[in-house]
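Computed from the coordinates by the stated procedures, all read-outs in this text should not be read as laboratory data. All figures in this text were calculated on a predicted structure; none of them were measured in a lab. Virtual Cβ from ideal backbone geometry, glycine too; neighbours counted across all protein chains shown.
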Amino acid sequence: MRRAMEIVDKPFFAIPKKSPIAFDLLMTALACGKWEEYYNFKAVRLDIDYIIERCPFLNYIYKYHRFTPGLLRMDPYTYYNWHIDDKRGVSINMLINAHSESHCLFSPDPSLTSEFIELPYRPATYYLFNNQVHHSVYNFGRIRYLFSIEFNETKELLSFSTLFKEVLDEFLIEGKPKDEAQRSRKRK
Ligand SMILES: [Fe+2]
């Protein structure tokens, strides 16, 4: 059994429900002709109604924490160096392509040499992302598209651990989705 403390020790957490909008978002990214500079990324803002009407998980999050959804683009053979975000305490990210070509890394103390762990992005999967742990992205031979939401609440008001606990209470029992855990309990 995975306990909450073991899960939250990592700077990311995979939401166990698949996203119903990952393919649509990829189509949107591929069709998008106008990207704007945003915190050293190229970005495009998405329509909030489109997102919350189609995705129950994000609809639930939006009820309690208002956010702006968008797509971020990185060109081939580019990297985003080690940093902690200025304002964001937590975000929700989903990689929508290039899963084997780009690498998102976290390190407790990046310097000339140090340790890291990788966020192993899986297809159609949202991740709670701790923006207050040093992280970097290295992208290889393809354009990388990432879905990301930016909460109105800054790091002083909303942290990774706060959002993680809320999501755990709402959706999970002992690390499993509630409906799945309840089904297996009934079978016993
Ligand atoms: Fe960042």
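What to note about this one:
- Charge sum, other residues only, whose C-beta stays under 11 Å from Arg45's C-beta, Lys/Arg counted +1 and Asp/Glu -1: -2
- Placing +1 on the Cβ of every Lys and Arg and -1 on the Cβ of every Asp and Glu, with nothing else charged, gives the range 1-127 a dipole about its Cα centre of roughly 480 debye.
- On Cα atoms only, tilt of 178-187 relative to the major axis of the chain in degrees: 40
- Restricting the calculation to Cα atoms, the chain shows an Rg/Rh of 0.96 when the hydrodynamic-style radius is the Kirkwood one.
- Sequentially through the range 46-51, phi angles give Karplus couplings (6.51, -1.76, 1.60; θ = phi - 60°) of 10, 6, 5, 5, 4, 5 Hz, Gly and Pro residues having no value and appearing as x.
- Between 0 and 90°, nearest 10: helix 22-31 axis offset from the chain longest Cα axis: 20
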